[in-house]
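A short worksheet on the structure shown next.
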Amino acid sequence: MTFAPPAPPTPPAASRPPGRRRRRGLLVTLIAVPLSVVVLLIAGAGIWFATNATRATPPAAGSVDFENPLAVPALAPSRVEDGVRVFELTAQEGRSSFVPQGQTPTLGYNGAYLGPTLVADRGERVRVNITNELTDSTTVHWHGMHLPAAMDGGPHSPIAAGATWQPEWTIDQPAATLWYHPHLHGRTREQVDAGLAGMFLVRDDEESGLALPREYGVDDIPVIVQDRSFNGDGSFAAGLGMQFDGVLGDTILVNGTVAPYLDVSTERVRLRLLNGSSARMYDFGFSDGRAFDLIGTDGGLLAAPVATTGIPLSPGERAEIVVSMKPGEKVTLVSNPPDPALNAGGAAFDVMQLRAAASLRPSSAVPDRLVDVPQPDDSDVAAERSFVMSGHNINDAQMDLGRVDLVATVDTSEIWTVRNENPLPHSFHVHDTQFRVLSVDGGPPPQRLAGFKDTIALERDREYRLLVRFEDYADPTTPYMYHCHLLWHEDQGMMGQFLVVEPGQQPDLKRPEGDTDDHHDH
Ligand code: C2O
Ligand code: CU
Ligand code: CU
């Protein structure tokens, strides 16, 4: 990459070295005062530039001319071999038509951009044969999946160019909207932004027994939301929107469609929202402010639907919503400005238009009760740990593939306290497990955080207490990751590793082959 990313801003407290302000006499003062005014002006202009000029923003809500039918990712074909459901994914290069100025070089799975939707039932054994036809290494991580660390597809599982990787595991978690994407150390943003991402839907009997919209592509729609900017030749502009968050784009893509509309044929439609952007925070709602039902979050359905007019999602988070439509109407899914405490900035913009047919097939009302979501049980907590997100560090440390940051014991729970201590947008994602939010600043979490979560946005200076359970899969050699899911932050080293071991088992971390511990030069 040719752009120079801005250095992480220094937290305010550190920007005034002690002794710097001591006065040494009139002459010094005469020089220093005008000089500091100049310095302040330059610094001020820099902050203005960083927060305004380079923050690429989509045009204001109401201005997009929705002219393209929403693409719906294909369902991934599979076959059952000796009791294992087998999928095939090929990471490949391609070209996509997003903008009139030219074709965009992209990456995709089994196609030019994004990947097919994998669907499997709870209890099924699955295998994915992943062939890497890129010129670079990659990995495939199953975001939100509970599975052995060696199958998790983190930075310890690179797939060399030309190679095939065949992770296999048993689906053992409630029905949920999960997703998959590369996780190559230091290069995740680049590969995800180029188009490598897809959904993985887990189904189970509880969810199937509920009267919810469930016909894929008809009234149950994957909605992968990304923001991109384009160069004059149609290629993705990586540097244009580059600032403290990472790359922000001025054009919204849904499932790889610019200016998309969805033809709705039923009274109710279920949208599986995935913030597939690498840096942008969204607060999804509708142009007319209508209420909708939030029915599920990262790890599955909520206990009961939550009627709301907005659902904020940081990169990597998912939400399942059900929205009601009247015959013949049009309404736009928009993103409203996120809470200022998220440090995300921005204004309202359009995401996708829903166009209801003149007559709609009836849909059942959303059930009042959905699934049993147990009360979080923190009675047998084995350890408490705290995580401070600041600059591009977690607990003042940068990611090191050769260092284990913490060791958890299988079949125990821990309380993790997480805090974003500086005015940068950050989130917190944990692999392998779906955690529960016990409290936010000592109070109960909002309803949208009351279910199973694997990623949360961190409002500035608030304390999130998470109950994290390590149910299975002890492995003293391969770690899982926790990190900020703003992908540029992750690539800059805002990530740590944990092992899950048997009681008394010694950690024995293996570094990935060929790792040199220098990934910050990309
Ligand atoms: Cu969505 Cu560690 O990743
Ligand atoms: Cu993940
Ligand atoms: Cu971050």
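The values are calculated or read from the model by the stated rules, or taken from the named source; none is laboratory data. All of these numbers come straight from a predicted model, not from anything done at the bench. Note that we place each Cβ from the backbone using ideal geometry, even for glycine, and neighbour counts take in every protein chain shown. SASA here: full protein model, heavy atoms, side chains in, ligands and nucleic acids out. Shrake-Rupley method; radii C 1.70, N 1.55, O 1.52, S 1.80 Å.
Considering (1) over 20 Å from Pro222 (Cβ atoms); (2) open to solvent by 30 Å² or more (accessible area, probe 1.4 Å), say which one Asp293 fails and leave the rest.
Just one mismatch for Asp293, condition (1).
Would you confirm whether or not segment 420-436 contains a residue that is among the small types (Gly, Ala, Ser) and either within 16 Å of ligand 3 (Cβ to nearest atom) or without any contact (Cβ under 8 Å) to a residue 12 or more places away in the chain (or both)?
Within segment 420-436, one or more residues are among the small types (Gly, Ala, Ser) and either within 16 Å of ligand 3 (Cβ to nearest atom) or without any contact (Cβ under 8 Å) to a residue 12 or more places away in the chain (or both).
(1) open to solvent by 10 Å² or more (accessible area, probe 1.4 Å); (2) within 16 Å of ligand 2 (Cβ to nearest atom); (3) in a strand (DSSP E or B): which one isn't true of Asn129, the others all being true?
(2)
Here are some conditions: (1) within 12 Å of ligand 3 (Cβ to nearest atom); (2) out of contact with any helix residue (DSSP H, G or I) (no Cβ under 9 Å at 6 or more places or on another chain). Gln398 meets all but one. Which one does it not meet?
(1)
Tally time: how many residues in segment 175-205 are polar (S, T, N, Q) and open to solvent by 10 Å² or more (accessible area, probe 1.4 Å)?
Matching residues across segment 175-205 total 0.
Thr477 versus (1) within 16 Å of ligand 1 (Cβ to nearest atom); (2) of a type outside the set (Asp, Glu); (3) modelled with pLDDT of 95 or more: which is the lone unmet condition?
With (1) within 16 Å of ligand 1 (Cβ to nearest atom); (2) of a type outside the set (Asp, Glu); (3) modelled with pLDDT of 95 or more applied to Thr477, the lone miss is (1).
Just need a number here: residues in segment 136-185 that are outside any loop (DSSP other than H, G, I, E, B) and either among the hydrophobic types (A, V, I, L, M, F, W, C) or within 16 Å of ligand 2 (Cβ to nearest atom) (or both).
16
Does Ala150 satisfy the criteria of being surrounded by fewer than 24 Cβ atoms within 10 Å (Cβ to Cβ) and within 16 Å of ligand 1 (Cβ to nearest atom)?
For Ala150, the condition - surrounded by fewer than 24 Cβ atoms within 10 Å (Cβ to Cβ) and within 16 Å of ligand 1 (Cβ to nearest atom) - is met.
So, in segment 209-262, exactly how many residues are in contact with a helix residue (DSSP H, G or I) (Cβ under 9 Å, 6 or more places away or on another chain), modelled with pLDDT of 95 or more and within 16 Å of ligand 1 (Cβ to nearest atom)?
1
I need the full set of residues from segment 349-390 which are without any contact (Cβ under 8 Å) to a residue 60 or more places away in the chain and within 16 Å of ligand 3 (Cβ to nearest atom), in order please.
Val388
In segment 494-512, which residues are modelled with pLDDT of 95 or more and under 25 Å from the mean Cα position of the chain (by Cα)?
Met494, Met495, Gly496, Gln497, Phe498, Leu499, Val500
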